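Single-structure report; data block below.
Every number in this text was worked out from the coordinates using simple rules, so none of it is lab data. This is a predicted model, so every value here is computed, not measured.
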Amino acid sequence: MANLFKYLGIVAGLLGILFILCGIIGFYTGEFLHVRNFTWFFWAANSFIMLGIFGLVGYIALREK
């Protein structure tokens, strides 16, 4: 069960980083092309990063037993 939380945290953290990168690229591309559809990436990144943090905290809590 601890490994499940570990891998969930790692994958969610990587997806959060990917969405932040997409948001930054989308921001600068949107500013250049005058398009403002990049904010969804930051919202999704925040969700995945929080899921990753909780997953890794769960892994640490289960590992300490």
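Assorted remarks:
- Computed extension length for Ile60-Ile25: 9.3 nm, one decimal, from 0.36 nm per residue of separation with the Cα-Cα distance subtracted.
- Calculated volume of the Cα convex hull per residue in Å³ (choose from (i) 48; (ii) 110; (iii) 139), label: (i)
- Over the residues of the chain, the helix contribution to mean residue ellipticity at 222 nm works out to -31500 deg cm²/dmol, using -39500 (n - 2.57) for each DSSP H run of at least 4.
- Principal-axis analysis of the Cα atoms of the chain puts helix 39-63 at an angle of about 10° to the longest axis.
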